[in-house]
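The values are calculated or read from the model by the stated rules, or taken from the named source; none is laboratory data. No experiment lies behind these values; they were computed from the predicted model shown. Reconstructed Cβ throughout: ideal geometry from the backbone, glycine too, with neighbour counts over all protein chains shown.
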Amino acid sequence: MRRALASFALTLLVAASAANAQTKAFVYATDYSTGSLSAAALQPRTVACDVASPHSDASLRFYGGQLYVVNRFGGDNIQVVHPTTYATLRQFSVGNGSNPHDIAFASATKAYVTRYQSNDLWIVNPATGAHTGTISLAAFADADGFCEMDHMHVVGPLLFVSLERIRTDQAYAPDDSGLVAVVDMRTDAIVDCDPVTPGVQAILLPLSNPFTAFQFDAATSRLLIGCAGAFGANDGGIVRIDPVNLRADGVAITEAALGGDVNDFVWGGPQKSWAVTADAAFTTHLVSWSAQTGAVLATLWTPGGYALADIERAGNELWVCNNSFSTPRVRVFSTVTDAVVGSDVVCALPPVALSFDQASAQAAGVGGESARAMFSAAAPSPTRGATAFTLTLAEPGEASVTVFDPSGRRVRVLLAGVRPSGPAAVVWDLADGAGARVAPGLYLVRAEAGGASWTRRVIVLE
């Protein structure tokens, strides 16, 4: 069945969520009693230190021309900062004791917040701060009662949520397999990533403790995430995820090959990428590595101790945080030569997180969800009766909708020919081309229109 699903693979396109290249870096720094936000222009590199005062534990996202500071443990709120005046535009709670870790955006008025010390993924209106909905991920909790939801990434209409499933009461040791839950942002329903297994399943990862942010590889239409496993043991690596067929798709490189825990990474392609690793002595290293050879290419920086934190890419530059108390700084490397570029960015507190003035790398179009055409998911599914889709064309044109069984055999053509612009209902009454009701099971509905294609799944019940 997985081979059949792969035969219906969709084309993924990186969305043009940011028309312009990055011009400014935002640097979050902390000594874990005080937090500070600084800003650095990329060209020429000038620095404005301490322009705002976030919480003492935070992460950064940029969306819609605004900087979102996720104030984490003990802060439990989202702080929205103007990107040039650095004034706090609004600040809203996401629940006392929730320890938010990330925010991802469906639109300017709809976003999702992972809450590390809760099993409830919150839906919020980022324009007002209103809490507008809750999605329970309790079914994916491990033995300590929490799923430890962490990073998110948006691919088309789907939200991918990493679930660490570690024992926070036992030195953060992995307690179960790492998972990635998938949410359909159009319905806010959890997507069943394995219809064969009873219940609603997340994507099962081959390694534990998905610890890093996601990366998206446009060339292969794959998500990647670093799994740290047990800290201090080389039992993790960087996992590929197929966001179309909703499954893990192998390991790009292991921690054994990297030489330590994968704390963060930037994907540059199969020839060369970069990672921050921590060896058995918990000394961090910035390394370049190749997914083609499965080996480290070079060690770029080892400042000593557990010092290196966030790494982010802006064009041909790699920005790296050194959060040591003795020599706190952000150092910039060329992604072409791996050489240091320009002077370090130095402010008072140790830097731990970075973002740039374009949308954080969370947005990618999936399955031709373009301005020219859209095709909805099946409603209802699973179903014992008819199910329906909505095909929307921006302008008149050729369109087709065809049902296939899991082996790839055509079951029925639901629509074919030139269609007018606008939305149109496409109904399948669960009959095949001869008019007989199909057998229970999984069916794949393929739509093509406006130069795009989609595959939607329908589960037919007895």
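Of the strands (runs of 3 or more DSSP E) contained entirely in segment 210-300, those carrying at least 3 residues that are in contact with a strand residue (DSSP E or B) (Cβ under 6 Å, 6 or more places away or on another chain) and in contact (Cβ under 8 Å) with a residue 24 or more places away in the chain fall at 222-227, 237-242, 247-254, 261-266, 273-278, 284-290.
Would you be able to say whether some residue in segment 64-79 is under 27 Å from residue 327 (Cβ atoms), assigned to a strand (DSSP E or B), β-branched (Val, Ile, Thr) and touching a Pro at 6+ places or on another chain (Cβ under 7 Å)? Yes, the conditions are met somewhere in segment 64-79.
Starting from residues that are of a type in the set (Val, Ile, Thr) and under 15 Å from residue 128 (Cβ atoms), keep the ones in segment 99-118 and report whichever is modelled with the lowest pLDDT. Residue satisfying both the conditions and the ranking: 109. Please verify whether segment 322-333 includes one or more residues that are assigned by TED's automatic domain parsing to the domain that holds residue 270, closer than 22 Å to residue 237 by Cα and modelled with pLDDT of 95 or more. So far as segment 322-333 goes, no, none of its residues is assigned by TED's automatic domain parsing to the domain that holds residue 270, closer than 22 Å to residue 237 by Cα and modelled with pLDDT of 95 or more.
Would you point out the residue of segment 390-448, among those that are in a strand (DSSP E or B) and of a type in the set (Asp, Glu), that is farthest from the chain's Cα centre (by Cα)?
398
Within segment 106-133, being in contact with a Leu (Cβ under 7 Å, 6 or more places away or on another chain) and of a type in the set (S, T, N, Q) holds for 114, 119.
If I go through segment 79-98 residue by residue, how many of them are polar (S, T, N, Q), more than 24 Å from residue 38 (Cβ to Cβ) and either in contact with a strand residue (DSSP E or B) (Cβ under 8 Å, 6 or more places away or on another chain) or at pLDDT below 95 (or both)? Total meeting the criteria: 2. If you filter segment 296-317 down to residues that are over 18 Å from residue 278 (Cβ atoms) and buried (at least 17 other Cβ atoms within 10 Å of the Cβ), you find that the one that is farthest from the chain's Cα centre (by Cα) is 317. The single residue among 151, 131 that is part of a strand (DSSP E or B), modelled with pLDDT of 95 or more, of a type outside the set (Asp, Glu) and under 17 Å from the mean Cα position of the chain (by Cα) turns out to be 151. Within the option set 120, 188, 102, 184, being under 22 Å from residue 228 (Cα atoms) and in contact (Cβ under 8 Å) with a residue 12 or more places away in the chain holds for one residue only, 102. Selection of first residues in segment 145-173 that are touching a residue at least 40 places away in the same chain (Cβ under 8 Å) and farther than 18 Å from residue 59 by Cα and of second residues that are part of a loop (DSSP other than H, G, I, E, B) and of a type in the set (Lys, Arg), restricted to Cβ pairs under 7 Å at least 6 apart or on distinct chains, gives the following pairs, ordered by first then second residue: 157/186. Name the pairs whose Cβ atoms lie under 6 Å apart, with the first residue in segment 419-430 and in contact (Cβ under 8 Å) with a residue 12 or more places away in the chain, the second acidic (Asp, Glu), and 6 or more positions between them or separate chains? Pairs that qualify, where the first residue is in contact (Cβ under 8 Å) with a residue 12 or more places away in the chain and the partner is acidic (Asp, Glu), are 421/395.
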